[in-house]
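Some notes on the structure that comes next.
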Amino acid sequence: AQSVSQHNHHVILSEAASLELGCNYSYGGTVNLFWYVQYPGQHLQLLLKYFSGDPLVKGIKGFEAEFIKSKFSFNLRKPSVQWSDTAEYFCAVNPGTASKLTFGTGTRLQVTL
Amino acid sequence: NAGVTQTPKFQVLKTGQSMTLQCAQDMNHEYMSWYRQDPGMGLRLIHYSVGAGITDQGEVPNGYNVSRSTTEDFPLRLLSAAPSQTSVYFCASSYGLRDPRQEQYFGPGTRLTVT
């Protein structure tokens, strides 16, 4: 069965700092990869996704992620975080032929002014 | 489009009571699913459906039933609530087998407390 690991459970950054959140998955076949964000009190929204092509994908609000197949990783990055990026971030994976998503445990990002 | 809607937003149950969490979508999505979100555990899949009349178990199905009589609706039933089912429940939908690359759209969630 596939699994997803997010190693950072709680990250605290100052505004304008750079962000990188780790995500590793275990699945031997083709996968689709997603990052979702959950702002306080809100439901999950898609930040970005990767399914093929350029391994560097850009999403909304200045976020990007890089798929490194050899490392089974899909790390999320942002060059300069803002206070409004305070949220919980989830990495998720589904096999290339099915919609069943497996989520990581999430990373809570707190951005201080 | 209303997207994915869930009712109720909040619910408190006593141990042993039953209830149904409602989920509906108006996007003609084939795939629908239920997750529970618990602190430090992310979202875990309870049940899912790839189309009307077809359901299957996810990672944590015990204590929950589902049915899918229409494309639009996917209710989640708790037959005899237990304190371990205190959680936030999210329903999600997507195009499913037509395109697994598409994102899943999430509802606003139901916060359930079982005392």
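The values are calculated or read from the model by the stated rules, or taken from the named source; none is laboratory data. Since the model is a prediction, treat every value here as computed from it, not as a measurement. Using ideal geometry, Cβ is built from the backbone for each residue, glycine included, and neighbour counts are taken over all protein chains shown. Accessible surface is based on the protein model in full, side chains and every heavy atom, while ligands, DNA and RNA are left aside. Shrake-Rupley method; radii C 1.70, N 1.55, O 1.52, S 1.80 Å.
Tabulated results
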| item | result |
| --- | --- |
| Test: residue in segment A:67-79 that is of a type outside the set (Lys, Arg), more than 23 Å from A:Ala1 (Cβ to Cβ) and not in a helix (DSSP H, G or I) | yes |
| Considering residues of segment A:48-64 that are in contact (Cβ under 8 Å) with a residue 24 or more places away in the chain and away from chain B (no Cβ under 14 Å) only, the residue nearest to A:Leu13 (Cα to Cα) | A:Phe63 |
| Segment A:67-98: number of residues that are closer than 22 Å to B:Gln104 by Cβ, open to solvent by 10 Å² or more (accessible area, probe 1.4 Å) and either free of Cβ contacts under 8 Å to residues at least 24 places away in the same chain or in contact with a Ser or Thr (Cβ under 6 Å, 6 or more places away or on another chain) (or both) | 2 |
| Hits in segment A:83-102 - residues which are farther than 10 Å from A:Val31 by Cα and either touching a His at 6+ places or on another chain (Cβ under 8 Å) or part of a loop (DSSP other than H, G, I, E, B) (or both) | A:Thr86, A:Ser99, A:Lys100, A:Leu101 |
| Hey, A:Thr102 closer than 16 Å to B:Glu103 by Cβ, open to solvent by 10 Å² or more (accessible area, probe 1.4 Å) and of a type in the set (Val, Ile, Thr) or not | yes |
| Lone unmet requirement of (1) surrounded by fewer than 16 Cβ atoms within 10 Å (Cβ to Cβ); (2) more than 23 Å from B:Val88 (Cβ to Cβ); (3) within 11 Å of chain B (Cβ to nearest Cβ) for A:Val31 | (1) |
| Subset tally (residues that are within 14 Å of chain B (Cβ to nearest Cβ), in a strand (DSSP E or B) and open to solvent by less than 20 Å² (accessible area, probe 1.4 Å)) for segment A:6-24 | 1 |
| Any pair with Cβ under 8 angstrom, 6 or more apart, that starts in segment B:3-27 at a residue that is touching a residue at least 24 places away in the same chain (Cβ under 8 Å) and at positive phi and ends at one that is of a type outside the set (Gly, Ala, Ser) and assigned to a strand (DSSP E or B) | B:Gly3/B:Gln25; B:Gly3/B:Tyr105 |
| Close pairs from segment A:15-29: first over 14 Å from A:Lys71 (Cβ atoms), partner part of a strand (DSSP E or B) and modelled with pLDDT under 95, Cβ under 9 Å, at least 6 apart | A:Gly29/A:Pro95 |
| All strands (runs of 3 or more DSSP E) inside segment B:1-101 with 1 or more residues being surrounded by 15 or more Cβ atoms within 10 Å (Cβ to Cβ) and basic (Lys, Arg) | B:31-38, B:42-51 |
| Residues of segment B:66-84 classified as more than 13 Å from the chain's Cα centre (by Cα), under 21 Å from B:Gln17 (Cβ atoms) and of a type outside the set (A, V, I, L, M), total | 3 |
| Search result, residues across segment B:104-115 that are at the interface with another protein chain (Cβ under 9 Å from one of its Cβ atoms) and either open to solvent by 40 Å² or more (accessible area, probe 1.4 Å) or not in a loop (DSSP other than H, G, I, E, B) (or both) | B:Tyr105, B:Phe106, B:Pro108 |
